[in-house]
Amino acid sequence: MRNQVKKILGDTLARCQKEGKLAVPSVSSYTLERPKVADHGDYAANIAFELSKLLKQPPLKIAQTLVGNLVDPAGLIKSITVAGSGFINITLTDQAWQSSLLDIDKAGGKWAHFEEGKGKKVNIEFVSGNPTGPLHIGNARGGPLGDVIASLLERNGYQVTREYYVNDVGGQVEQLGQSILIRCQRKSQSPSAPEVPSKAGYSGPYIEELAEKATQKLKKIDFGDPQSARSVGQFGVDTLLAEVRDDLEVMGIHFDVWTHEKTILVGKKTEKVIEALKKKGATIEKEGALWFVPPEGIFSSSEDRESVLVRSSGQPTYFANDIAYHADKFDRGFDLLIDVWGSNHHGHAPRLKAALGTLGYDPSRLEVLLYQYVRVKRGSDLVKMSKRAGDFVIARDILDEVGRDAFRFFLLMRSGPSHMDFDLDLAKRQSSENPVFYVQYAHARICSIQSKAEEKGLKPQNRPEQLVLPEEIFLIRTLHEYPHELSLAIREKAPHRITYYLISLSQQLQSYYAKAKEDSRYHLLSQNVDFASAKLYLLGHVRRVLKDGLNLLGVSAPERMDSNKGELE
């Protein structure tokens, strides 16, 4: 319906231009939104404001001209008015909404699917948690977020590759090894153990677990060998990475590619990138290290400050390896790179783009999405740490407690840049207070109604003239907003738009369903076959959208659920 309304406005504008009433042929950048106040109509258009910029005329005058010359041969519009300083409010007829359900059927599998990305390849890197510890809830937030953004891009026609980057080089691996070695030495009481301060490195019960596994699985640990820390550290990384893979599987997340930072070094990709930056005159030597200095004109942001590429020890930094890694992704033929990172990377992103721009890559083809970390609560009480980790909350603990569906849905309810609280008690509650349960229950309720209708021999049929109740028209309007919400979620990389849409649709369904207790016109399985079949037809579309939205979020759409309250209020 949105496209049909836009066509009406476009035809009206063309007529005004042809008759010399407005001097421009068209404008495409205006918005058509659902008004926040229902009495303002079905759509509000700001087309007059956009035309005002071109015509240098007051938007109110332009809006009045458009409304006065309306072209609506199909008779879809019930009323069109000018509001405020130039907004055009449009209300469609009930008949227009009633017949529009058939448009969804005609579109078939192409409805709410797009092709803007057809023929283009996208690489999306997300999670990439530090492999020196268990996956914590902060990094885990990027899991559902990146996974659903990838699914949205696929819905838009892109060929998407999900990638995990394993940071398995540098001093952190050796530090992890030393932390494990200290515990191994205590267990073995070896006299040849190195002199390492007891508080050095990583801590927490998980380090004790790694030491126990290392003692059992490694044939012999030579505490006097300086290479032992690295080999034991690699054992720890491999063990923790296996846990991460298992955690991601439980989250319902699959990666197409796992790239290890050490392969970037072994392939001498970092070395080649550093040499290329030198040739571009983008490096300087100072304090015994090699630094990247963005050339004049590449980026002017104050954050694009000098960054170390090679330490005084001769070892390349994570930054240098990351430049090589992203250059490699571009070289693999991706049209767009998306990185979903924690907010602590806010300074890293512009420097990385500056380096890529210096190397000749188009930095606009790299999009970095930052997300804030998560506070875990039980009601009003803050959960500060996990017993196993000691100083952070492990994602697997939450997964095991609330399940995949609640884990994903809750983490997707806020935009990435927004801080969020994850309430464990609420996530487990089987009532209308729990958003994911509420949406799933709405889907299951329709399944139950459809099952009962089948037992009665009732079948859904498109009888639009029978859908006359205000709640039915409102449900149809909301169904038609689904493709628009998806397109916005795709454009903005904002999965939370889908969660809020599904909650709103479920609330409307519940309001519609609840009316049946007091008004026979709302009986979904009415003895009047025409009424019942029309309502079943509408409910079938609602179920389709609920299921599709939940599937995009990676959340199940059960056909049967139980509520501890019997009926959701």
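Among the lysines, which have Cα under 29 Å from the Cα of K219 when same-chain residues fewer than 8 positions away are ignored?
Leaving aside lysines fewer than 8 places away in the same chain, those within reach of K219 are K187, K199, K262.
Taking the C-alpha atoms of region 481-542, how large are the radius of gyration and the largest Cα-Cα span, Dmax, in Å?
15.2, 46
At 1.002 mPa s and 20 °C, plugging the Kirkwood radius over alpha-carbon pairs of region 324-403 into Stokes-Einstein gives what diffusion coefficient in µm²/s?
Calculated translational D: 139 µm²/s.
Rounded to the nearest 500, what is the chain's calculated 222 nm mean residue ellipticity when only DSSP H runs of at least 4 contribute -39500 (n - 2.57) each, over all residues?
Counting only the DSSP helices, I get -15500 deg cm²/dmol.
Provide the convex hull volume over Cα atoms per residue for region 1-157, in Å³.
It comes to 194 Å³ per residue, whole-number rounded.
Averaged over all directions, how much area does the convex hull of the C-alpha atoms of region 122-250 cover when projected, in nm²?
Mean projected area for region 122-250: 8.8 nm², to one decimal.
Just need the relative contact order of the chain here, percent rounded to a whole number, with Cα pairs under 8 Å and 6+ apart.
Relative contact order comes out at 13 percent.
Do the alpha carbons of any pairs in K428/K456; K7/K110; K53/K110 sit beyond 28 Å of each other, and which pairs?
K428/K456; K53/K110
Please work out how much length the chain gains when fully extended from H113 to S448, using 0.36 nm per residue of separation minus the C-alpha to C-alpha distance, in nm with one decimal.
117.8 nm
What do you reckon, how do V542, V257 stack up by accessible area (1.4 Å probe), largest on top?
V257, V542
At a 1.4 Å probe radius, which order do R375, R560, R497 fall into by accessible area, largest first?
The ordering from most to least exposed comes out as R560, R375, R497.
Send over the Kirkwood Rh of the chain, from the inverse of the averaged 1/r over different Cα pairs, rounded to one decimal Å.
Kirkwood hydrodynamic radius for the chain: 27.6 Å.
For region 71-118, what are the per-bin percents of Cα-Cα distances with bins 5 Å wide, up to the bin holding the maximum?
Values per bin, smallest distances first: 5, 16, 16, 16, 14, 16, 12, 4, 0.
Using Cα atoms only, what is the angle between the long axis of helix 496-514 and the major principal axis of the chain, expressed in degrees (0 to 90) to the nearest 10?
The angle comes out near 40 degrees.
Just need the relative contact order of region 1-136 here, percent rounded to a whole number, with Cα pairs under 8 Å and 6+ apart.
Relative contact order comes out at 20 percent.
Note down the magnitude of the dipole of the chain about its Cα centre, charges +1 on Lys and Arg C-beta and -1 on Asp and Glu C-beta and zero elsewhere, to the nearest 20 debye.
Result for the chain is approximately 560 debye, rounded to the nearest 20.
Give me the dipole magnitude in Debye, nearest 20, for region 397-506 about the Cα centre, with unit charges on the beta carbon: positive for Lys and Arg, negative for Asp and Glu.
The dipole magnitude comes to about 380 debye.
Return the equivalent ellipsoid semi-axes of region 461-514 as a descending list in whole Å, where each equals the square root of 5 times an eigenvalue of the C-alpha gyration tensor.
They are 25, 13, 7 Å, listed from largest to smallest.
Share of the chain's accessible area from carbon and sulfur, percent, 1.4 Å?
Carbon-and-sulfur percentage of accessible area, whole number: 48.
Along region 311-326, what does the Karplus equation 6.51 cos²θ - 1.76 cosθ + 1.60 (θ = phi - 60°) give for ³J(HN,Hα), rounded to whole Hz, x for Gly and Pro?
Karplus-based 3J(HN,Hα) across region 311-326 equals 5, 4, 6, x, 8, x, 8, 4, 4, 5, 5, 5, 4, 4, 4, 6 Hz.
Give me the net charge of T93's neighbourhood, meaning all other residues with Cβ under 13 Å from the Cβ of T93; Lys, Arg count +1, Asp, Glu -1.
Within the 13 Å Cβ shell, the charges total -2.
What does the net charge come to around D425 if you take all other residues with beta carbon closer than 12 Å to its beta carbon, with K and R at +1 and D and E at -1?
With Lys, Arg at +1 and Asp, Glu at -1, the net is -1.
As an exercise, find the ratio Rg/Rh for region 270-419 from alpha-carbon atoms, using the Kirkwood inverse-distance average for Rh.
Over the Cα atoms of region 270-419, Rg/Rh equals 1.09.
About the Cα centre of region 468-563, how large is the charge dipole given +1 on each Lys and Arg Cβ and -1 on each Asp and Glu Cβ? Please answer in debye to the nearest 20.
About 180 debye.
If you average the C-alpha positions of region 493-555 and of region 61-135 separately, how far apart do those two centres end up, in angstrom?
Here the answer is 20 Å between Cα centres.
Given the options S380, S79, S343, identify the residue whose Cα lies farthest towards the positive end of the charge dipole of the chain (+1 on Cβ of Lys, Arg; -1 on Cβ of Asp, Glu).
Of the candidates, S79 comes out farthest on the positive side.
So what's the net charge close to P131: Lys and Arg +1, Asp and Glu -1, counting the other residues with Cβ under 13 Å from its Cβ?
-3
Going out from 0 in 10 Å bins, what whole percent of all Cα-Cα distances in region 377-479 drops into each bin?
12, 30, 25, 17, 12, 4, 0
So what is Rg over Rh here for region 413-556, counting just Cα atoms and using Kirkwood for Rh?
So for region 413-556, dividing Rg by the Kirkwood Rh gives 1.01.
Please tell me the relative contact order of region 385-493 in percent, rounded to the nearest whole number, where contacts are Cα pairs under 8 Å and at least six residues apart.
RCO, region 385-493: 13 percent.
The values are calculated or read from the model by the stated rules, or taken from the named source; none is laboratory data. In this text the structure is predicted, and so the values were computed from the model without any measurement. When we count neighbours, we look across all protein chains shown, and the Cβ atoms used for this are built from the backbone with ideal geometry, even at glycine. All accessible areas refer to the heavy atoms of the entire protein, side chains included, with ligands and DNA or RNA removed. Shrake-Rupley method; radii C 1.70, N 1.55, O 1.52, S 1.80 Å.
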